[in-house]
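Okay, so here's the structure we're looking at.
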Amino acid sequence: MFLMKDIVRDGDPVLRQEAADVTFPLSAEDQQLAKDLMEYLVVSQDPEQCKKYGLRAGVGLAAPQVGVSKKMASVLVPAPEEGGKSPFTDVIINPVIVSESVQMGALTEGEGCLSVDRDVPGFVPRHDRITLRYYDVNGEKHQVRLKNYPAIVCQHEIDHMHRTLFYDHINKDEPFARDDDMVMIE
Ligand SMILES: Cc1nc(NNC(=O)[C@H](CC2CCCC2)CN(O)CO)c(F)c(N2CCN3CCOC[C@@H]3C2)n1
Ligand code: NI
C-alpha cells in the first residue's frame, strides 16, 4: 500500500518526464501498480483509514507520482451524494484525449496535488468536456465522454504523464482570471 513517503514531490525529475506507454498484457508488476494506485484512493477517501495512515485524500493518483514513469493513473470520483454512483472510477492506461470542448472549466476551489506540498492559489483552466480513450487493466479499450468534475480530474492525471503540474496552467499575472464562459465547478 502506498503511504505519503512513497509519493514523489515537486522537484523530482520524474514529474517532468514524458511517461512511457504501458504494454499489454500487463506484467505482474504493472497489475500490482494498478491495484496499489486505486487502493490509495479508496483508503484516502475513508476518513478513518485516511487518518490512520496519515494520508492526504485523493480522487486521482498517477504512476509518475510514485516514481513510475508509465502512462497509468487511478481515478475515483466520489458519488455526488451518499449512496449514489461514482461518475467515474477506473485505472486509465495509455489515455488519449481524442476531443475536447472549446469551453473551459475550472474548480472554484482551485487545485492541489499530492506531489506539491504547498498551496498554489488560482483557477486551473481545463476543457469542461472531453472524450477520453484509454485501456483498462484487462486491456479493454474504452472511449468515454466526461464533463465537469470527472473531466477535470482526468485532465489533471493525464498531465502527470506529460511532464505537467496543475500550477503550470495558472495565469501568473492574474491567478483568478476567468473568461466569462468558463464553467466554474463546485
Ligand atoms: C478535488 C479534490 N482533490 C482532492 N485531493 N487532491 C487530489 O485528489 C489530486 C488530484 C485532483 C486535484 C484537482 C483535480 C484532481 C491528487 N493528485 O495529485 C493526483 O495527481 C481531494 F481529496 C478531494 N476530495 C473531494 C472528495 N472527498 C470524498 C471523500 O474523501 C475525501 C475526498 C476529498 N477533491
Ligand atoms: Ni497531481
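Worth pointing out:
- Per principal axis, descending, Cα span of region 9-66 in whole Å: 36, 30, 15
- The alpha-carbon positions of the chain define a convex hull whose volume is 121 Å³ per residue.
- Taking the number of Cβ atoms within 10 Å of each Cβ as an exposure proxy, the fewest-first ranking of Tyr40, Tyr167, Tyr134, Tyr53 is Tyr53, Tyr167, Tyr134, Tyr40.
- You can think of it this way: the chain between Gln49 and Arg9 has 12.2 nm of extra reach, that is 0.36 nm per residue less the Cα-Cα gap.
- Least to most buried among Ser27, Ser115 (fewest other Cβ within 10 Å first): Ser27, Ser115
- Local electrostatic count at Asn94 - Lys and Arg +1, Asp and Glu -1, tallied over other residues with Cβ under 11 Å: +2
- By other beta-carbon atoms within 10 Å, ranking Phe123, Phe2 with the fewest at the front produces Phe2, Phe123.
- Hits among lysines - C-alpha to C-alpha of Lys52 under 22 Å, sequence gap 8 or more where chains match: Lys5, Lys35
The numbers here are math on the coordinates, done by the rules we state, and not lab data. Quick caveat: nothing in here was measured; it's all calculated off a predicted structure. All Cβ positions, even for glycine, are placed from backbone atoms using ideal geometry, and neighbour counts span all protein chains on display.
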